[in-house]
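Here the structure is laid out as structure tokens; the discussion comes afterwards.
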Amino acid sequence: MNEFARDAAAGHAAVDVVVIGAGQAGLSSAYHLARAGIGHVVLDHAPRPGGAWQHRWPSLTYGRVHGMHALPGMELTGADPLRPSSEVIGEYFAAYEERFGLRVRRPVDVTAVRGGADGRLLVESSAGTWPARALINATGTWDRPFWPRYPGQETFRGRQLHTADYPGPAGFAGARVIVVGGGTSAVQHLLEVSEVAAETTWVTRRPPVFREGGFGEAEGRAAVALVDERVRRGLPPQSVVSVTGLPLNEAVRAGLDSGVLDRRPVFERITPTGAVWADGRRVEADVILWATGFRAAVDHLAPLRLREPGGGIRVEGTRAVRDERIHLVGYGPSASTIGANRAGGAAVREIRRLLTRETGGPAPTEGTVPQLATAAALRT
């Protein structure tokens with residue numbers, strides 16, 4: 001039993017803010033809370049630092065990572081591009097927590113967040129319950145892989161796995177593999193697996209859109225605006241690729257030229273030995289790899305009834321429209337590394353205003369404010 005579980009029965013002292021998750025969004029939020037002098041606790045269910053990055057497959061080296069942005073106040077420099085991204089970013093997150101004294105409590109599983117009788121939130125977890133005046137939910141999506149359902153799927157005698165369980169290409173040597181999904185992960189899997197597999201087939205619901213040229217600030221703003229519009233309407237956020245397209249880099253061009261990225265529309269049904277299309281075409285397969293994305297991990301917020309009829313949580317900026325005490329960072333328009341950084345700061349500014357309105361000023365909660373290493377560290 002760890003130190004945080006021992007006092008679970010007695011509960012915990014109230015804090016101003018609970019942060020759930022210690023990935024990019026959670027650490028960014030904790031950094032800004034510390035700068036603002038707002039008492040908080042960070043709860044993370046992972047056994048070690050690294051957020052979702054610690055679960056990435058070994059062949060995804062740091063040099064192949066798309067769109068990693070440094071955490072606020074500390075750059076990631078000098079990393080070997082040939083090392084696994086899980087190692088590089090895991091070590092970076094660990095160093096970040098240490099440098100800024102972000103005392104993350106782990107492993108702690110948050111099971112539910114409820115409204116308390118005194119207007120506080122009650123954050124229930126495997127390590128006890130924390131009463132809090134506000135909450136930053138930074139749980140991301142990795143824990144909720146999306147598995148679509150197709151007729152006959154349960155009859156398939158081969159192996160089915162999701163991107164969340166992808167081990168790297170070696171496990172597919174000599175196999176006939178169907179990769180389902182139209183995102184960046186699907187393309188990366190195909191390019192790797194095709195080098196060792198007997199054959200690969202790429203299946204997507206919609207024709208993929210490849211993006212030529214750069215992806216600058218204007219394009220980024222336009223993509224974020226499209227995602228933001230959905231969450232403002234209470235709809236589940238779409239994938240990033242659905243609004244940005246797939247980057248047409250050298251490896252992707254080679255995959256298109258070789259036929260590896262020759263996409264087929266989605267099959268009609270799955271058979272015990274493969275898949276069948278509406279026009280009668282068949283593909284025999286040993287493995288179906290579902291690169292079909294993830295959904296927001298927000299089930300623990302269900303007692304607060306934040307979901308809209310459209311299935312999503314309606315958000316203005318980072319604030320849940322149905323409960324101003326709840327902020328979602330890394331959700332919808334902030335579901336990117338740079339977006340999470342900015343959203344963390346924005347959430348803390350709103351929470352500070354909320355606490356000021358309630359009490360005349362957010363006083364740090366004793367024993368919960370991280371002790372920052374040095375003043376200079378905050379200015380880097």
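The C-beta contact set for the range 145-167 (first residue under 12 Å from Phe294 (Cβ atoms), second residue of a type in the set (A, V, I, L, M) and in a loop (DSSP other than H, G, I, E, B), distance under 8 angstrom, 6+ apart or interchain) comprises His162/Ala291; Thr163/Ala291.
Of all residues in the range 62-102, how many are assigned to a helix (DSSP H, G or I) and of a type in the set (Asp, Glu)?
4
Does Val231 count as at pLDDT below 90, crowded, with 19+ Cβ neighbours inside 10 Å and outside any strand (DSSP E or B)? Yes. All conditions but one from (1) touching a Pro at 6+ places or on another chain (Cβ under 6 Å); (2) touching a residue at least 60 places away in the same chain (Cβ under 8 Å) apply to Tyr62; the one that does not is (2).
Considered as a group, the residues in the range 104-120 that are within 24 Å of the chain's Cα centre (by Cα) and of a type outside the set (Lys, Arg) include one that is surrounded by the most Cβ atoms within 10 Å (Cβ to Cβ), and that residue is Val113. Taken together, the residues in the range 109-144 that are of a type outside the set (Asp, Glu), touching a strand residue (DSSP E or B) at 6+ places or on another chain (Cβ under 8 Å) and farther than 28 Å from Arg353 by Cβ amount to 6. Residue-level check: of (1) in contact with a Leu (Cβ under 7 Å, 6 or more places away or on another chain); (2) modelled with pLDDT under 95; (3) hydrophobic (A, V, I, L, M, F, W, C); (4) crowded, with 20+ Cβ neighbours inside 10 Å, Ala34 misses just (2). The condition of being more than 24 Å from Gly119 (Cα to Cα) and either modelled with pLDDT under 60 or in a helix (DSSP H, G or I) (or both) does not hold for Leu354. Among the residues making up the range 160-185, those that are among the hydrophobic types (A, V, I, L, M, F, W, C) and either modelled with pLDDT of 95 or more or loosely packed, with under 15 Cβ neighbours inside 10 Å (or both) are Leu161, Ala170, Phe172, Ala173, Ala175, Val177, Ile178, Val179, Val180. Restricting attention to the range 191-209, does a residue exist that is surrounded by fewer than 19 Cβ atoms within 10 Å (Cβ to Cβ), at negative phi and without any contact (Cβ under 8 Å) to a residue 12 or more places away in the chain? Within the range 191-209, not a single residue is surrounded by fewer than 19 Cβ atoms within 10 Å (Cβ to Cβ), at negative phi and without any contact (Cβ under 8 Å) to a residue 12 or more places away in the chain. Scanning the range 112-123 for any residue that is farther than 30 Å from Leu60 by Cβ, in a strand (DSSP E or B) and without any contact (Cβ under 8 Å) to a residue 12 or more places away in the chain turns up at least one such residue. Applying the criterion of being outside any helix (DSSP H, G or I) and buried (at least 19 other Cβ atoms within 10 Å of the Cβ) to the residues of the range 298-313, the residue that is farthest from the chain's Cα centre (by Cα) is Leu306.
Screening the candidates Ala197, Ala218, Ala223 for the property of being touching a helix residue (DSSP H, G or I) at 6+ places or on another chain (Cβ under 6 Å) and at pLDDT below 65 yields one hit, Ala223.
Name the residue that is farthest from Arg144 (Cα to Cα), counting only residues in the range 49-59 that are part of a loop (DSSP other than H, G, I, E, B) and in contact (Cβ under 8 Å) with a residue 60 or more places away in the chain.
Ser59
For Ile288, the conditions (1) in a loop (DSSP other than H, G, I, E, B); (2) buried (at least 19 other Cβ atoms within 10 Å of the Cβ) are fulfilled apart from (1). With respect to the conditions (1) modelled with pLDDT of 95 or more; (2) farther than 20 Å from Gly51 by Cβ, Pro208 lacks only one, and its number is (1).
The values are calculated or read from the model by the stated rules, or taken from the named source; none is laboratory data. Quick caveat: nothing in here was measured; it's all calculated off a predicted structure. Using ideal geometry, Cβ is built from the backbone for each residue, glycine included, and neighbour counts are taken over all protein chains shown.
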